[in-house]
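Below you'll find the structure, written out as structure tokens, and then a few comments.
Every number in this text was worked out from the coordinates using simple rules, so none of it is lab data. Computed from a predicted structure; not experimentally measured. For neighbour counting, all protein chains shown are included, and Cβ atoms are generated from backbone atoms with ideal geometry for every residue, glycine included.
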Amino acid sequence: MWQAHFNRAIAFRETGEFGKAIEDMSQVMKLKPDYVPAYVTRAADYYRSGQIDKALEDWNRATELNSNSS
């Protein structure tokens, strides 16, 4: 189920619909909370939509998750 949300989020971001992309990626993160690509992707979408603080939060979380998996 999470893959469908992820794929739709990618489609939304490609059309510039960052708000919808963020919503779908948030669903991915609820279903698969340790999935690093979701945090990285949502961080980029937050950044593109001008929400720098939220982008940094997601980037930091992705970095933390990635460090823990090594």
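Within segment 11-52, how many residues are over 17 Å from residue 63 (Cα atoms) and charged (D, E, K, R)?
Residues that pass the stated criteria total 8.
Restricting the search to segment 58-70, which residues are in a helix (DSSP H, G or I) and free of Cβ contacts under 8 Å to residues at least 24 places away in the same chain?
The first filter runs over segment 58-70 and keeps only residues in a helix (DSSP H, G or I), leaving 58-69.
Selection gives 58, 59, 60, 61, 63, 64, 67, 68.
Give the number of residues within segment 14-52 that are free of Cβ contacts under 8 Å to residues at least 24 places away in the same chain and over 8 Å from the mean Cα position of the chain (by Cα).
Matching residues across segment 14-52 total 13.
Given the options 55, 11, name the one that is free of Cβ contacts under 8 Å to residues at least 24 places away in the same chain, over 24 Å from residue 69 (Cα atoms) and in contact with a helix residue (DSSP H, G or I) (Cβ under 9 Å, 6 or more places away or on another chain).
On the way: 55 fails: over 24 Å from residue 69 (Cα atoms).
Testing whether each residue is free of Cβ contacts under 8 Å to residues at least 24 places away in the same chain, over 24 Å from residue 69 (Cα atoms) and in contact with a helix residue (DSSP H, G or I) (Cβ under 9 Å, 6 or more places away or on another chain) leaves just 11.
Hand me the list of helices (runs of 4 or more DSSP H) wholly inside segment 1-51 holding 2 or more residues that are of a type in the set (Ser, Thr, Tyr).
By residue number, 36-48.
Among the residues of segment 30-60, how many are surrounded by fewer than 19 Cβ atoms within 10 Å (Cβ to Cβ) and closer than 23 Å to residue 3 by Cβ?
Restricting attention to segment 30-60, the residues satisfying the condition of being surrounded by fewer than 19 Cβ atoms within 10 Å (Cβ to Cβ) are 30-37, 40, 44, 47-57, 59-60.
Within this subset, residues satisfying the condition of being closer than 23 Å to residue 3 by Cβ are 30-37, 40, 44, 48, 59.
The total comes to 12.
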